[in-house]
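J.: Below you will find the structure I want to go over with you.
Taken together, the values in this text are just the output of simple stated rules run on the coordinates, not laboratory data. Treat the numbers as computed from the prediction; the structure is a model and nothing was measured. No Cβ is skipped: glycine too gets one built from the backbone with ideal geometry, and neighbour counts run over all protein chains shown.
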Amino acid sequence: MVRTAVRPDSPTFWKEVAAAPGGAALATCIQCNTCTSSCPVEALDTDFNVRQFIARIRLGLREDVLSDEAIWACARCYACVAHCPKDVRPGDVLEAVRHIALREGRSGPGARHTRVFADSVRRNGRIHEARVTFASLGLRGLLRQGSLPVRMLLRGKAPALRRHPIKSVAEVQTLFRAVEESP
Amino acid sequence: MRYAYFPGCVALDSCRELDAATRAVAQELEIELVDLPEAACCGAGNLQESSPDTALALNARTLSMAQAGGLDLLTVCGTCQLYLSGAARQLEDPGTRDRINGLLARTGRRYDGGVRVKHFLQVLLQDVGPRKLTAHARRPLLDLPVGAFYGCHLLRAPGATAFEDPEDPKGIERLVEILGGRPVAYSHRTACCGFHVLTTREDLALRMAAEGLGEAKGQGAHVLATPCPLCHLVLDAYQRKAARTSGERFDMPVLHVSQLVGLAFGIDPVRLGLKRHLVSVKPVVRELEDGEVVKA
């Protein structure tokens, strides 16, 4: 991808990411590219470049990074975390970035899926697979699935349309609230 | 042998066959599975991202349930294994545990640490052991060529290194040999299935799956075996879509590890939920029933 010129809009963005869960070791990155070399997503889509994400964070390109839908293309395989020679945990750094994006209420398919998932846990204690899939994909996304939902249905493979919350779901909700209320 | 059993969300919903097969195999091996009907989701990385402390508190709550029974926790999913064992490790730090117990106190629960989180594959190989497995294999796999598909999360879980080398795992291959099958060597056995981008970047997930399926087929696998229901969803349910991205036909049945063990134990395929797959497992069952394997 040809990147248009972007200006640093937040020189301290790296500190913000370092303070978010998973971002702590960001500053020790030596840009050796081991993360990107071991990334199965980058192998298919060069727009997803872990090393460059870390460079962009440190350059202070806050808006450029947070609004980049590619941050949600991470497959969470943790190959970069396992191979990084400096223990930067690059995948966790990206997780910290996504955490900030969620906190700011950013939109887009990636953020939507993560929110829908968390809401499902809050509401049911467990995942309501059918509802999470539907809410993440939307009607259009579901239609793009072609014959798959029907084939799953015929095999008895489709997730249940009705699922009951666990009996103690109030405890789960208490914990969600407790974390929100804690400083 | 007794374990607190944590099937996770998917093995209770779209991959119910995994739960059924695991229970059938456990019964055969006289492993008692103590259900945790009130356990919540492991967070699967999504909750860890949106609210890390909530995810940690929910997993501490699950671990406290296992602790109450004096049991280790048994998982059947790579992702559950990663996030629950990750939480267990974080909670070994007294400061973190105190902080999370402060939250848990509002639900009247408490976690004191020490619960071990084990995947069923590890339990089969370490706690049950090859001798007992061989003794139960009434219908050995007759040199069936089986390709392992590990999934990332089982290999990246804390503690996995004590069990195997994440870069060159041997567990599934060992299990296949014990059960009388023939492990197929191929490099994508440790590749990523793409599940965690399935809803946001289906294109990537399908291409990842297609590469793995294509190589396994090229190397002569008649079936794949995976310890993770999320890998199973991509490799089985999305196989036809994956095949379309590369213009190939795979017709590659994908078994959960529990189902592969169940087949070798001679457990009825219907009980193992083999009919719930999108890619028919019939050719494999027939191969075993006929008592002859068509060598590639």
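J.: Which number comes out as Rg/Rh for the protein assembly as shown once both Rg and the Kirkwood Rh are worked out on C-alpha atoms?
T.: Details: Rg = 21.9 Å, Rh = 22.9 Å.
Ratio of gyration radius to Kirkwood radius: 0.96.
J.: To make sure I understand the rule: partners must be lysines, Cα under 27 Å from the Cα of B:LYS118, and not fewer than 8 residues away in the same chain. Which ones qualify?
T.: List returned: A:LYS157, A:LYS167, B:LYS132, B:LYS170.
J.: Can I ask one more? Which value, in debye to the nearest 20, describes the size of the charge dipole of chain B about its Cα centre when Lys and Arg Cβ atoms bear +1, Asp and Glu Cβ atoms bear -1, and nothing else is charged?
T.: 300 debye
J.: Work through the residues other than A:GLY138 whose Cβ is under 14 Å from its Cβ and net out their charges, Lys, Arg +1 and Asp, Glu -1.
T.: With Lys, Arg at +1 and Asp, Glu at -1, the net is +4.
J.: Can you give me the angle between helix B:94-104 and the longest principal axis of chain B, using Cα atoms only, in degrees from 0 to 90, rounded to the nearest 10?
T.: The answer is roughly 90 degrees.
J.: OK, next. Toward the positive end of the charge dipole of chain A, about the Cα centre and with charges on Cβ (Lys, Arg +1; Asp, Glu -1), which of A:CYS84, A:THR174, A:LEU66 goes farthest?
T.: Going by the charge dipole, the pick is A:THR174.
J.: Top mean-square fluctuation among B:LEU84, B:LEU260, B:LEU198, Gaussian network model of chain B, C-alpha springs under 10 Å?
T.: Looking only at B:LEU84, B:LEU260, B:LEU198, the largest GNM fluctuation is found for B:LEU198.
J.: Using square roots of five times the C-alpha gyration tensor eigenvalues, list the equivalent-ellipsoid semi-axes of the range B:2-120 in whole Å, biggest first.
T.: They are 24, 16, 11 Å, listed from largest to smallest.
J.: Cα convex hull of the range B:135-290: mean projected area in nm², to one decimal?
T.: So the mean shadow area of the Cα hull is 9.0 nm².
J.: Which loop trypsin sites (Lys or Arg not before Pro) in the range B:61-150, with loop taken from DSSP, have no more than 10 other Cβ atoms within 10 angstrom of their Cβ?
T.: For trypsin sites (Lys or Arg not before Pro) across the range B:61-150 that sit outside H, G, I, E and B with at most 10 neighbouring Cβ atoms in 10 Å, the list reads B:ARG138.
J.: Treat the range A:30-162 as a sphere of radius equal to its Kirkwood radius over Cα pairs and apply Stokes-Einstein at 20 °C in a medium of 1.002 mPa s; give the translational diffusion coefficient in µm²/s, rounded to a whole number.
T.: Roughly 128 µm²/s, to the nearest whole number.
J.: Same structure again: So which cysteines of chain A have no other cysteine's Cβ under 4.7 Å from theirs?
T.: Unpaired cysteines in chain A: A:CYS29, A:CYS32, A:CYS39, A:CYS74, A:CYS84.
J.: I'd like the per residue volume of the convex hull spanned by the Cα atoms of the range B:86-147, given in cubic angstrom.
T.: Convex hull volume per residue, Cα atoms: 144 Å³.
J.: Shifting gears a bit: Within the range B:241-296, report the GluC sites (Glu not before Pro) that DSSP leaves as loop and that have at most 10 other Cβ atoms within 10 Å.
T.: Of the GluC sites (Glu not before Pro), the ones in loops of the range B:241-296 whose Cβ has at most 10 other Cβ atoms within 10 Å are B:GLU292.
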